[in-house]
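Asker: After the C-alpha coordinates below, expect a handful of questions from me.
The values are calculated or read from the model by the stated rules, or taken from the named source; none is laboratory data. The structure displayed is predicted, hence computed values, not measured ones. Here Cβ is always computed from backbone atoms with ideal geometry, including for glycine, and neighbour counts include all displayed protein chains. Protein only, heavy atoms only, side chains kept; ligands, DNA and RNA dropped before computing areas. Shrake-Rupley method; radii C 1.70, N 1.55, O 1.52, S 1.80 Å.
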Amino acid sequence: MSTAHLTIDLNALADNWRALDAKTSVETAAVVKADGYGLGADRAAKALTRAGARKFFVAAAEEGIAVRDAVGPGPVVSVFSGHMEGDAALLRDYDLTPMINSVDQMLRHVEQLPHHSFGIQLDSGMNRLGIEPAEWTALRDIALRQMPTLIMSHLACADDPDHPMNQQQLQTFKDMTADISVPLSLAATGGLLLGPDYHFDLCRPGVGLYGGEPYDEAKAVVTLDLPVIQVRDLEVGETVGYSNMWQAKRPSRIATVAAGYADGLIRAIGSGIEVYADDTPCPVVGRVSMDLITVDVTDLDTVPNSLQMLNRLQTVDDLAEAADTIGYEILTSLGGRYKRSYLG
Ligand SMILES: *Cc1c(COP(=O)(O)O)cnc(C)c1O
(Lines give C-alpha, C1' and ligand atoms only; values in the text may rest on other atoms or scores of the structure.)
Protein backbone atom coordinates (compact mmCIF):
# COMPACT_ATOMS: atom_id res chain seq x y z
CA MET A 1 0.00 0.00 0.00
CA SER A 2 1.53 3.28 -1.06
CA THR A 3 -1.33 5.60 -0.19
CA ALA A 4 -1.68 7.19 3.19
CA HIS A 5 -4.46 6.21 5.52
CA LEU A 6 -6.81 8.66 7.23
CA THR A 7 -8.76 7.26 10.15
CA ILE A 8 -11.75 9.19 11.44
CA ASP A 9 -12.89 8.30 14.93
CA LEU A 10 -16.65 8.83 14.99
CA ASN A 11 -16.78 7.91 18.68
CA ALA A 12 -14.40 10.77 19.46
CA LEU A 13 -16.55 13.05 17.28
CA ALA A 14 -19.66 12.04 19.21
CA ASP A 15 -17.81 12.45 22.53
CA ASN A 16 -16.75 15.97 21.54
CA TRP A 17 -20.37 16.84 20.69
CA ARG A 18 -21.58 15.44 24.03
CA ALA A 19 -18.86 17.28 25.95
CA LEU A 20 -19.70 20.59 24.27
CA ASP A 21 -23.41 19.96 24.77
CA ALA A 22 -22.73 19.39 28.47
CA LYS A 23 -21.23 22.88 28.74
CA THR A 24 -24.60 24.45 27.91
CA SER A 25 -28.12 24.18 29.24
CA VAL A 26 -29.56 24.79 25.76
CA GLU A 27 -29.79 22.74 22.58
CA THR A 28 -26.55 21.97 20.72
CA ALA A 29 -26.60 21.65 16.95
CA ALA A 30 -23.73 20.49 14.74
CA VAL A 31 -22.14 22.30 11.81
CA VAL A 32 -21.25 19.84 9.04
CA LYS A 33 -20.47 22.26 6.20
CA ALA A 34 -17.64 21.65 3.73
CA ASP A 35 -18.32 17.91 3.83
CA GLY A 36 -18.10 17.79 7.60
CA TYR A 37 -14.91 19.91 7.73
CA GLY A 38 -13.39 17.54 5.21
CA LEU A 39 -14.08 14.37 7.19
CA GLY A 40 -17.34 13.23 5.53
CA ALA A 41 -20.62 15.01 6.23
CA ASP A 42 -22.73 11.87 5.86
CA ARG A 43 -20.75 9.78 8.33
CA ALA A 44 -20.35 12.69 10.73
CA ALA A 45 -24.06 13.59 10.66
CA LYS A 46 -25.08 9.97 11.20
CA ALA A 47 -22.77 9.60 14.19
CA LEU A 48 -23.92 12.89 15.67
CA THR A 49 -27.57 11.89 15.24
CA ARG A 50 -26.85 8.76 17.26
CA ALA A 51 -25.24 10.98 19.91
CA GLY A 52 -28.42 13.06 20.09
CA ALA A 53 -27.94 16.00 17.71
CA ARG A 54 -31.21 17.06 16.08
CA LYS A 55 -30.12 20.18 14.21
CA PHE A 56 -27.45 20.47 11.52
CA PHE A 57 -26.03 23.36 9.53
CA VAL A 58 -24.42 23.39 6.09
CA ALA A 59 -23.08 26.27 4.02
CA ALA A 60 -24.94 25.71 0.74
CA ALA A 61 -28.20 23.98 -0.18
CA GLU A 62 -26.32 21.37 -2.25
CA GLU A 63 -24.46 20.28 0.88
CA GLY A 64 -27.78 19.59 2.53
CA ILE A 65 -28.52 16.65 0.21
CA ALA A 66 -25.92 14.32 1.74
CA VAL A 67 -26.84 15.38 5.24
CA ARG A 68 -30.58 14.84 4.73
CA ASP A 69 -29.91 11.44 3.16
CA ALA A 70 -27.73 10.53 6.15
CA VAL A 71 -30.01 11.68 8.97
CA GLY A 72 -33.39 10.86 7.40
CA PRO A 73 -36.54 12.86 7.98
CA GLY A 74 -36.91 14.66 11.29
CA PRO A 75 -33.70 16.49 12.12
CA VAL A 76 -33.56 20.13 11.00
CA VAL A 77 -30.96 20.79 8.30
CA SER A 78 -30.28 24.51 7.87
CA VAL A 79 -28.38 26.43 5.21
CA PHE A 80 -26.20 29.42 6.18
CA SER A 81 -26.11 30.95 2.69
CA GLY A 82 -29.89 31.23 2.73
CA HIS A 83 -32.21 30.98 -0.24
CA MET A 84 -30.22 31.58 -3.42
CA GLU A 85 -31.67 31.82 -6.91
CA GLY A 86 -32.37 28.31 -8.17
CA ASP A 87 -32.41 26.70 -4.71
CA ALA A 88 -36.18 26.34 -4.27
CA ALA A 89 -36.50 22.75 -5.53
CA LEU A 90 -33.56 21.56 -3.42
CA LEU A 91 -34.81 23.30 -0.30
CA ARG A 92 -38.25 21.77 -0.79
CA ASP A 93 -37.26 18.25 -1.85
CA TYR A 94 -34.70 17.81 0.93
CA ASP A 95 -36.63 19.79 3.54
CA LEU A 96 -33.79 22.26 4.11
CA THR A 97 -34.23 25.43 6.17
CA PRO A 98 -32.53 28.47 4.63
CA MET A 99 -31.16 31.18 6.91
CA ILE A 100 -32.45 34.27 5.11
CA ASN A 101 -29.67 36.87 4.76
CA SER A 102 -31.28 39.79 2.93
CA VAL A 103 -34.50 41.43 1.83
CA ASP A 104 -34.01 39.88 -1.62
CA GLN A 105 -33.74 36.40 -0.15
CA MET A 106 -36.79 37.02 1.99
CA LEU A 107 -38.87 38.07 -1.02
CA ARG A 108 -37.61 35.10 -3.05
CA HIS A 109 -38.42 32.70 -0.26
CA VAL A 110 -41.92 33.98 0.42
CA GLU A 111 -42.70 34.01 -3.28
CA GLN A 112 -41.23 30.64 -4.23
CA LEU A 113 -41.69 28.58 -1.08
CA PRO A 114 -44.49 30.05 0.99
CA HIS A 115 -45.11 27.98 4.16
CA HIS A 116 -41.62 26.40 3.92
CA SER A 117 -39.63 26.83 7.14
CA PHE A 118 -36.87 29.41 7.24
CA GLY A 119 -34.61 31.18 9.70
CA ILE A 120 -33.07 34.63 9.67
CA GLN A 121 -29.41 35.51 9.89
CA LEU A 122 -28.64 38.96 11.30
CA ASP A 123 -25.40 40.84 10.87
CA SER A 124 -24.33 41.90 14.36
CA GLY A 125 -21.02 43.35 13.17
CA MET A 126 -19.02 40.78 11.24
CA ASN A 127 -20.14 42.24 7.91
CA ARG A 128 -20.12 38.92 6.12
CA LEU A 129 -23.62 37.42 6.02
CA GLY A 130 -26.94 38.55 7.38
CA ILE A 131 -29.42 41.40 7.51
CA GLU A 132 -27.93 44.63 8.83
CA PRO A 133 -29.45 46.57 11.75
CA ALA A 134 -31.00 49.36 9.65
CA GLU A 135 -32.54 46.92 7.17
CA TRP A 136 -33.78 44.79 10.03
CA THR A 137 -35.58 47.70 11.62
CA ALA A 138 -37.56 48.13 8.41
CA LEU A 139 -38.12 44.42 7.78
CA ARG A 140 -38.57 43.05 11.26
CA ASP A 141 -42.34 43.11 11.65
CA ILE A 142 -42.99 41.76 8.16
CA ALA A 143 -40.38 39.04 8.63
CA LEU A 144 -41.72 37.96 12.01
CA ARG A 145 -45.22 37.59 10.58
CA GLN A 146 -43.81 34.89 8.28
CA MET A 147 -42.92 32.86 11.39
CA PRO A 148 -39.16 32.22 11.19
CA THR A 149 -38.04 29.20 13.21
CA LEU A 150 -34.66 30.65 14.28
CA ILE A 151 -32.88 33.99 14.37
CA MET A 152 -29.10 33.76 14.40
CA SER A 153 -25.92 35.77 14.07
CA HIS A 154 -22.22 34.93 14.03
CA LEU A 155 -19.27 36.19 16.10
CA ALA A 156 -16.14 37.46 14.40
CA CYS A 157 -13.65 37.12 17.28
CA ALA A 158 -15.03 34.41 19.58
CA ASP A 159 -11.75 32.48 19.51
CA ASP A 160 -10.28 35.37 21.52
CA PRO A 161 -12.27 35.55 24.79
CA ASP A 162 -10.87 38.96 25.74
CA HIS A 163 -11.69 40.64 22.46
CA PRO A 164 -14.09 43.59 22.97
CA MET A 165 -15.86 42.65 19.73
CA ASN A 166 -17.55 39.74 21.56
CA GLN A 167 -19.38 42.03 24.01
CA GLN A 168 -20.16 44.47 21.26
CA GLN A 169 -21.77 41.85 19.00
CA LEU A 170 -23.60 40.34 21.97
CA GLN A 171 -25.17 43.72 22.72
CA THR A 172 -26.05 44.35 19.07
CA PHE A 173 -27.66 40.92 18.79
CA LYS A 174 -29.66 41.53 21.99
CA ASP A 175 -30.80 44.92 20.70
CA MET A 176 -31.82 43.46 17.34
CA THR A 177 -33.80 40.65 18.94
CA ALA A 178 -35.38 42.49 21.88
CA ASP A 179 -38.98 41.41 22.53
CA ILE A 180 -38.81 38.64 19.95
CA SER A 181 -39.96 35.19 21.03
CA VAL A 182 -38.34 33.25 18.16
CA PRO A 183 -35.49 30.90 19.25
CA LEU A 184 -32.10 32.63 19.03
CA SER A 185 -28.55 31.45 18.27
CA LEU A 186 -25.26 33.35 18.39
CA ALA A 187 -22.53 30.88 19.36
CA ALA A 188 -20.32 28.59 17.28
CA THR A 189 -17.51 26.68 19.08
CA GLY A 190 -15.82 29.85 20.29
CA GLY A 191 -19.03 31.48 21.48
CA LEU A 192 -20.12 28.31 23.28
CA LEU A 193 -16.87 28.42 25.25
CA LEU A 194 -17.41 32.10 26.13
CA GLY A 195 -20.16 31.00 28.50
CA PRO A 196 -23.92 31.13 29.01
CA ASP A 197 -24.38 34.81 28.07
CA TYR A 198 -23.67 33.72 24.52
CA HIS A 199 -25.77 30.54 24.41
CA PHE A 200 -29.33 31.86 23.91
CA ASP A 201 -31.49 28.91 22.70
CA LEU A 202 -29.10 27.04 20.43
CA CYS A 203 -25.32 26.67 20.05
CA ARG A 204 -23.86 25.60 16.72
CA PRO A 205 -20.31 24.29 17.12
CA GLY A 206 -18.33 23.03 14.15
CA VAL A 207 -14.57 22.84 14.52
CA GLY A 208 -14.63 21.76 18.17
CA LEU A 209 -16.48 18.59 17.17
CA TYR A 210 -13.69 17.66 14.80
CA GLY A 211 -10.94 18.13 17.38
CA GLY A 212 -9.83 21.67 16.57
CA GLU A 213 -9.08 24.89 18.44
CA PRO A 214 -10.49 26.85 20.18
CA TYR A 215 -11.89 23.74 21.96
CA ASP A 216 -8.65 22.57 23.47
CA GLU A 217 -10.23 19.75 25.49
CA ALA A 218 -11.35 18.04 22.27
CA LYS A 219 -10.54 14.40 21.64
CA ALA A 220 -8.48 13.75 18.52
CA VAL A 221 -10.81 12.72 15.70
CA VAL A 222 -8.31 12.18 12.88
CA THR A 223 -5.20 10.06 12.68
CA LEU A 224 -3.11 10.03 9.56
CA ASP A 225 -0.69 7.18 8.84
CA LEU A 226 1.90 7.63 6.12
CA PRO A 227 3.53 4.56 4.58
CA VAL A 228 7.33 4.55 4.49
CA ILE A 229 8.36 4.07 0.87
CA GLN A 230 12.13 4.12 1.18
CA VAL A 231 14.87 4.50 3.80
CA ARG A 232 18.42 5.66 3.04
CA ASP A 233 21.60 6.50 4.95
CA LEU A 234 23.32 9.85 4.49
CA GLU A 235 26.83 10.99 5.24
CA VAL A 236 27.60 14.26 6.94
CA GLY A 237 27.10 17.13 4.48
CA GLU A 238 24.61 15.41 2.16
CA THR A 239 21.37 17.27 1.50
CA VAL A 240 17.72 16.28 1.29
CA GLY A 241 14.95 17.33 -1.08
CA TYR A 242 14.20 20.34 -3.26
CA SER A 243 16.51 23.34 -2.93
CA ASN A 244 18.80 21.35 -0.61
CA MET A 245 16.83 22.73 2.29
CA TRP A 246 18.24 20.29 4.84
CA GLN A 247 21.79 19.10 5.33
CA ALA A 248 22.99 16.20 7.46
CA LYS A 249 25.12 17.34 10.40
CA ARG A 250 25.69 13.76 11.53
CA PRO A 251 25.46 10.42 9.76
CA SER A 252 21.70 10.25 9.23
CA ARG A 253 18.93 7.89 8.23
CA ILE A 254 16.15 9.43 6.17
CA ALA A 255 12.74 7.87 5.54
CA THR A 256 10.60 8.99 2.62
CA VAL A 257 6.86 8.79 3.37
CA ALA A 258 3.90 8.96 0.99
CA ALA A 259 1.89 12.16 1.34
CA GLY A 260 2.57 15.73 0.34
CA TYR A 261 0.98 19.03 -0.45
CA ALA A 262 -1.36 17.38 -2.98
CA ASP A 263 -2.82 15.60 0.05
CA GLY A 264 -3.40 18.76 2.03
CA LEU A 265 -0.10 18.74 3.89
CA ILE A 266 0.49 22.19 2.55
CA ARG A 267 4.01 23.19 1.59
CA ALA A 268 3.97 26.07 4.05
CA ILE A 269 4.08 23.52 6.89
CA GLY A 270 7.83 23.44 6.25
CA SER A 271 9.84 22.46 9.29
CA GLY A 272 8.99 22.30 12.97
CA ILE A 273 6.70 19.30 12.76
CA GLU A 274 7.19 15.64 13.47
CA VAL A 275 5.89 12.29 12.45
CA TYR A 276 5.52 9.61 15.07
CA ALA A 277 6.75 6.05 15.39
CA ASP A 278 4.36 5.07 18.18
CA ASP A 279 5.11 7.81 20.71
CA THR A 280 8.58 8.68 19.38
CA PRO A 281 8.72 11.92 17.40
CA CYS A 282 10.87 12.03 14.26
CA PRO A 283 11.48 15.46 12.71
CA VAL A 284 10.27 16.21 9.21
CA VAL A 285 13.26 17.55 7.25
CA GLY A 286 13.53 19.25 3.87
CA ARG A 287 10.68 20.62 1.81
CA VAL A 288 7.25 19.05 1.65
CA SER A 289 6.87 18.00 -1.98
CA MET A 290 3.74 17.09 -3.94
CA ASP A 291 3.50 13.44 -2.95
CA LEU A 292 6.34 12.92 -0.50
CA ILE A 293 7.79 14.04 2.80
CA THR A 294 11.24 13.20 4.19
CA VAL A 295 11.82 12.37 7.83
CA ASP A 296 14.92 12.05 10.02
CA VAL A 297 14.59 8.59 11.59
CA THR A 298 18.22 8.32 12.70
CA ASP A 299 17.28 7.86 16.35
CA LEU A 300 14.88 4.96 15.75
CA ASP A 301 16.19 1.43 16.34
CA THR A 302 13.94 0.10 13.60
CA VAL A 303 11.94 2.05 11.05
CA PRO A 304 8.27 0.95 11.03
CA ASN A 305 6.21 0.44 7.85
CA SER A 306 4.33 3.65 8.50
CA LEU A 307 4.71 6.85 10.49
CA GLN A 308 1.92 8.91 11.98
CA MET A 309 1.43 12.58 11.02
CA LEU A 310 -1.80 13.34 12.91
CA ASN A 311 -2.74 11.85 16.27
CA ARG A 312 -3.33 12.95 19.86
CA LEU A 313 0.31 14.11 20.07
CA GLN A 314 0.24 16.24 16.94
CA THR A 315 -3.08 17.77 15.94
CA VAL A 316 -4.34 19.75 12.96
CA ASP A 317 -3.65 22.86 15.03
CA ASP A 318 0.02 21.92 15.42
CA LEU A 319 0.32 21.58 11.65
CA ALA A 320 -1.60 24.82 11.24
CA GLU A 321 0.79 26.65 13.53
CA ALA A 322 3.78 25.41 11.54
CA ALA A 323 2.09 26.63 8.35
CA ASP A 324 0.91 29.92 9.83
CA THR A 325 -2.73 29.07 9.22
CA ILE A 326 -5.64 27.65 11.26
CA GLY A 327 -6.71 24.08 12.02
CA TYR A 328 -9.89 24.59 9.98
CA GLU A 329 -7.82 24.98 6.82
CA ILE A 330 -5.69 21.90 7.49
CA LEU A 331 -8.83 19.82 8.22
CA THR A 332 -10.76 20.92 5.16
CA SER A 333 -7.68 20.38 2.97
CA LEU A 334 -7.12 16.73 3.94
CA GLY A 335 -6.88 15.11 0.57
CA GLY A 336 -9.10 12.88 -1.49
CA ARG A 337 -6.22 10.52 -2.21
CA TYR A 338 -6.13 9.10 1.30
CA LYS A 339 -7.65 5.72 1.96
CA ARG A 340 -10.27 6.58 4.56
CA SER A 341 -11.72 4.47 7.28
CA TYR A 342 -14.12 5.23 10.08
CA LEU A 343 -14.07 3.94 13.65
CA GLY A 344 -17.36 3.59 15.46
C1 LIG B 1 -18.74 27.76 10.29
C2 LIG B 1 -19.82 28.39 11.08
C3 LIG B 1 -20.13 27.88 12.36
C4 LIG B 1 -19.27 26.87 13.06
O5 LIG B 1 -18.10 27.53 13.45
P6 LIG B 1 -16.92 26.81 14.26
O7 LIG B 1 -15.96 27.91 14.55
O8 LIG B 1 -16.35 25.80 13.33
O9 LIG B 1 -17.50 26.21 15.46
C10 LIG B 1 -21.24 28.42 13.00
N11 LIG B 1 -21.97 29.41 12.43
C12 LIG B 1 -21.68 29.93 11.22
C13 LIG B 1 -22.52 31.02 10.66
C14 LIG B 1 -20.59 29.45 10.51
O15 LIG B 1 -20.28 29.97 9.32
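Asker: Along its principal axes, what span do the Cα atoms of the range 146-200 show, with the longest given first and each in whole Å?
Answerer: 36, 19, 17
Asker: Sticking with this one: Taking the Cα centre as origin and putting +1 on Lys and Arg beta-carbons and -1 on Asp and Glu beta-carbons, what dipole magnitude results for the range 10-210, to the nearest 20 debye? Walk me through the numbers before you get to the answer.
Answerer: On the way: 16 positive and 25 negative charges, 118 e Å.
Computed charge dipole of the range 10-210: roughly 560 debye.
Asker: Using just the helices of the chain, give the 222 nm mean residue ellipticity in deg cm²/dmol: DSSP H runs with n ≥ 4 each add -39,500 (n - 2.57), and the total is spread over all residues, rounded to 500.
Answerer: On the way: 11 runs with 102 residues, N = 344.
When only DSSP H runs of four or more count, the value is -8500 deg cm²/dmol.
Asker: Can you give me the distance in nm between label points at R312 and E111, each placed 7 Å from the Cα along the Cα-to-Cβ direction?
Answerer: So the two model labels end up 5.6 nm from each other.
Asker: Mind listing the long-range amide H neighbours of G206? Cut-off is under 5 Å, sequence gap 5 or more, other chains count too, H placed in the peptide plane at 1.01 Å from N.
Answerer: V31, T189
Asker: Another one. Could you let me know the centre-to-centre spacing of the range 74-123 and the range 36-55, using Cα atoms, in angstrom?
Answerer: Cα centroid of the range 74-123 versus Cα centroid of the range 36-55: 22 Å apart.
Asker: Averaging over all projection directions, find the projected area of the Cα convex hull of the range 75-145 and quote it in nm² with one decimal place.
Answerer: Working: hull surface 19.2 nm².
So the mean shadow area of the Cα hull is 4.8 nm².
Asker: Let me ask something else. In debye, nearest 20: dipole of the range 222-343 around its Cα centre with unit charges on the Cβ of K, R (+) and D, E (-)? Each step should come with its number before you reach the end.
Answerer: Values: 10 positive and 17 negative charges, 72 e Å.
Computed charge dipole of the range 222-343: roughly 340 debye.
Asker: I need the semi-axes of the equivalent ellipsoid of the range 213-344: take the C-alpha gyration tensor, multiply each eigenvalue by 5, square-root it, list largest first in whole angstrom.
Answerer: Working: eigenvalues 124, 50, 38 Å².
Semi-axis lengths for the range 213-344 are 25, 16, 14 Å.
Asker: From the phi angles alone, apply the Karplus equation (6.51, -1.76, 1.60; θ = phi - 60°) to the range 63-73 and give each ³J(HN,Hα) in whole Hz, x where the residue is Gly or Pro.
Answerer: Listing the rounded values in order: 5, x, 4, 4, 6, 4, 4, 6, 9, x, x Hz.
Asker: At 1.4 Å probe size, with the rest of the protein present, what percent of the exposed accessible area of the range 1-84 is carbon and sulfur atoms?
Answerer: Values: 1620 of 3080 Å².
Whole-percent figure for carbon plus sulfur exposure: 53.
Asker: Follow-up question, since we're still on this one. When DSSP beta bridges are limited to those with both residues in the chain, what percentage is antiparallel, rounded to the nearest 5?
Answerer: On the way: 28 of 51 bridges.
The answer is about 55 percent antiparallel.
Asker: Considering the range 10-210, what Rg and Dmax in Å follow from its alpha-carbon atoms?
Answerer: Final numbers for Rg and Dmax: 16.0, 46 Å.
Asker: Separate question: Non-local amide H neighbours of L307 (under 5 Å, H modeled in plane, Pro and chain starts lacking H): which ones?
Answerer: Correct list: L226, V228.
Asker: Which of G264, P161, V77 sits closest to the plus end of the dipole of the chain, meaning its Cα is farthest towards the positive end, when Lys and Arg get +1 and Asp and Glu get -1 on the C-beta?
Answerer: V77
Asker: Another one. Could you state the number of Å between the C-alpha centres of the range 250-324 and the range 135-165?
Answerer: 43 Å
Asker: Can you give the convex hull volume of the alpha carbon atoms of the chain per residue, in Å³? Mind dumping the intermediate values first?
Answerer: Details: hull volume 49.7 nm³, N = 344.
Convex hull volume per residue, Cα atoms: 144 Å³.
Asker: In whole Hz, what ³J(HN,Hα) sequence does the range 79-87 give by Karplus (6.51, -1.76, 1.60; θ = phi - 60°), x for Gly and Pro?
Answerer: Whole-Hz 3J(HN,Hα) from phi for the range 79-87: 10, 4, 6, x, 10, 8, 3, x, 8.
Asker: Go through A44, V58, L129 and say which Cα lies farthest out towards the positive end of the charge dipole of the range 13-154; charges sit on Cβ, +1 for Lys and Arg, -1 for Asp and Glu.
Answerer: So the residue furthest toward the plus end is A44.
Asker: In sequence order, what are the phi-derived ³J(HN,Hα) couplings for the range 334-343 according to the Karplus relation 6.51 cos²θ - 1.76 cosθ + 1.60 with θ = phi - 60°, rounded to whole Hz, with x for glycine and proline?
Answerer: The phi angles translate into 4, x, x, 7, 5, 6, 10, 9, 10, 9 Hz.
Asker: Also: Hey, can you grab everything whose amide H is under 5 Å from the amide H of E27? Only 5+ residues off in sequence or another chain; H modelled, so Pro and N-termini drop out.
Answerer: Counting only residues 5 or more places away or on other chains, the set is C203.
Asker: Across the chain, how many lysine pairs, 8 or more positions apart or on different chains, have C-alpha atoms separated by under 18 Å? Please give the number. Before the final figure, lay out each step's value.
Answerer: On the way: K23/K55; K23/K219; K33/K46; K33/K55; K46/K55.
Lysine pairs, 8 or more places apart or on different chains, close enough: 5.
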